[in-house]
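Student: Below you will find the structure I want to go over with you.
Values quoted throughout were computed directly from the atomic coordinates according to the rules given, and no laboratory measurement underlies them. Note that this is a predicted model, so its numbers are computed, not measured. Ideal geometry is used to build each Cβ from the backbone, glycine not excepted, and the neighbour counts take in all protein chains shown.
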Amino acid sequence: MGLTKVEAEVANPLDPARHTAVGFLVDSGAVYSVIPRAELEGLGIEPTGERTFFLANGQPVRRRVGEARITFEGQTATCVVLFGEEGDSTLLGVTTLENLGLIFDPLRQKIMPLPMLIAGIRKLFAD
């Protein structure tokens, strides 16, 4: 398997005029996207909290989290992102892809539209 790299626009959700292009490695095993702290701070994005995550070797690490507006392939969504620290890869994670209505096909190494279904909720509550 190869690595899939993409470029997306990252913006401050409170001031979308502050934006920049960021190169990402698509990681279907990453829950959240990771963007270098300096990039996020440069856009005026501030952390909203901090969480513990685990590296592949099981080691826990703390990372600040915040929200960024991400645009990719014509779709835009505000997503929870991690403030990447030195040594962290810049990753496009699963929740960002899902928020954008996309999914990563690891066999084809391609990002594709996420099939979405809407259940007949009205019918369930009609009676």
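Student: If you put +1 on each Lys and Arg Cβ and -1 on each Asp and Glu Cβ, how big is the dipole of the chain around its Cα centre, in Debye rounded to 20?
Tutor: Taking the Cα centre of the chain as origin, the dipole is about 340 debye.
Student: Under a Cβ-only charge scheme (Lys and Arg +1, Asp and Glu -1), can you give me the dipole magnitude of region 33-96 about the Cα centre, in debye to the nearest 20?
Tutor: For region 33-96, the charge dipole is close to 200 debye.
Student: If you count, for each residue, the other Cβ atoms within 10 Å and average over each peptide, how do 42-54, 59-71, 93-105 line up from highest to lowest?
Tutor: The most tightly packed comes first, giving 93-105, 59-71, 42-54.
Student: Highest first, please rank the peptides 79-91, 17-29 by the mean number of other Cβ atoms sitting within 10 Å of their residues.
Tutor: Going by the mean number of other Cβ atoms within 10 Å, highest first, we get 79-91, 17-29.
Student: Between Thr71 and Thr52, how many nm apart are label points set 7 Å from Cα along the C-beta direction?
Tutor: In this crude spin-label approximation the distance works out to 3.9 nm.
Student: Kirkwood hydrodynamic radius for the chain: how many Å is it when counted over pairs of different Cα atoms?
Tutor: Evaluated on the chain, it is 15.6 Å.
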